[in-house]
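Written below as structure tokens is the structure these notes are about.
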Ligand SMILES: Nc1ncnc2c1ncn2[C@@H]1O[C@H](COP(=O)(O)OP(=O)(O)OP(=O)(O)O)[C@@H](O)[C@H]1O
Ligand SMILES: O=P(O)(O)OC[C@H]1O[C@H](OP(=O)(O)OP(=O)(O)O)[C@H](O)[C@@H]1O
Ligand SMILES: [Mg+2]
């Protein structure tokens, strides 16, 4: 029997855990993560957080054990392919992409090796934690290879003589460089996503999910937006508006003490770069303030 409380699985420890916790906290869900508990009850909403290894999250959703989960698309797609191959349940609904966990799954080879394309990988041993995704890519390319499954330290495999190439996650590229490797092919671009199990939800759970989604939209939109205020010479207003990202509809107010200038207020969907601020100043703008926005609801 499904519990009445909404169950959300998130990574216990790792690259996604802090951002996940921050996201749910900013959505107004109060919880105390002290200690080593696996299940944490929210204090102000009928929600339980399950803190697990990220590898387990897709399966928990696909088996209907939890209602929602946050997971990297790389892991989600790998588990989905693996389960499909075994004829196990592999359905889920992607509710939204999130604004963290950006990385790419790439094939990398020795930095001194010539690389001209996927055909150069023919017959090579490729070490990876993502055998299904590598196989899908290599099948698409029509290139044969032998997989070497490793759960960690994949980048060390070529030096250790375990493989000729690797396929692992890359963000800055520092780990590849430190191991004398170079990126050869990007096979997947990934972000963290919020997923939901398939099947029926009661009315209360469904409306709770919708509330969380609306709040999440507000939190993510607010993070990406800025409130911009400045004073501008009236005759340069059009030029100034043209420099401001998303300034179709700013509030323009007269200044009591100076009739030649106006105050301009707007919510921008992007940050304002220093270069743009310098250009605004050259046009005569002053008192330029860029403020973070905490929450938004349209
Ligand atoms: N360098 C990175 N930059 C950004 N995101 C990353 C990076 N590495 C991994 N990720 C994303 O974060 C997810 C979790 O990565 P992490 O390294 O914490 O996993 P893990 O070691 O498998 O953790 P667990 O112990 O939970 O199994 C990855 O599946 C990926 O989506
Ligand atoms: O391109 P970079 O910025 O160097 O990031 C890539 C590294 O980040 C991830 O590992 P992580 O640091 O999360 O450690 P883990 O694999 O031991 O969990 C990934 O598995 C790579 O090793
Ligand atoms: Mg893992």
Computed lengthening from residue 289 to residue 53, 0.36 nm per intervening residue step minus Cα-Cα distance: 80.7 nm
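Just want the ordering: 201, 145, 100, 273, from fewest to most Cβ atoms lying within 10 Å of their own Cβ.
273, 201, 100, 145
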Nearest 10 degrees, 0 to 90: helix 73-85 Cα axis against the chain principal axis: 40 degrees
To one decimal place, what Kirkwood hydrodynamic radius in Å is obtained for region 225-292 from all pairs of distinct Cα atoms? 11.7 Å
Kirkwood calc, region 103-190, C-alpha pairs only, radius in angstrom 12.6 Å
Zone residues, region 94-110, relative to residue 210, backbone N less than 19 Å from point 7 Å out along Cα-to-Cβ: 94-96
Exposure-ranked with fewest Cβ neighbours within 10 Å first, 63, 168 stand as 63, 168
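Quick one: 83, 96, fewest Cβ neighbours within 10 Å first, how do they rank?
Lowest count first: 96, 83.
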Given a 10 angstrom Cα cut-off, can you work out which residue in 255, 38, 230 is the most mobile in a GNM of the chain? 255
With the cut-off at 1.5 for a/c, could you classify the chain from its C-alpha gyration tensor as rounded, prolate or oblate? oblate
So what's the gap between the Cα centers of region 202-255 and region 38-78, to the nearest angstrom? 31 Å
Enter the Cα centre distance for the pair region 16-31 and region 123-185, rounded to the nearest angstrom. 33 Å
Taking Cα atoms, how many degrees apart are the long axis of helix 203-224 and the longest axis of the chain, rounded to 10 and kept between 0 and 90? 60 degrees
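We did not get these values from a lab; they are worked out from the coordinates using the rules stated. What you are looking at is a predicted structure, and each value in this text was computed from that prediction instead of being measured. All Cβ positions, even for glycine, are placed from backbone atoms using ideal geometry, and neighbour counts span all protein chains on display.
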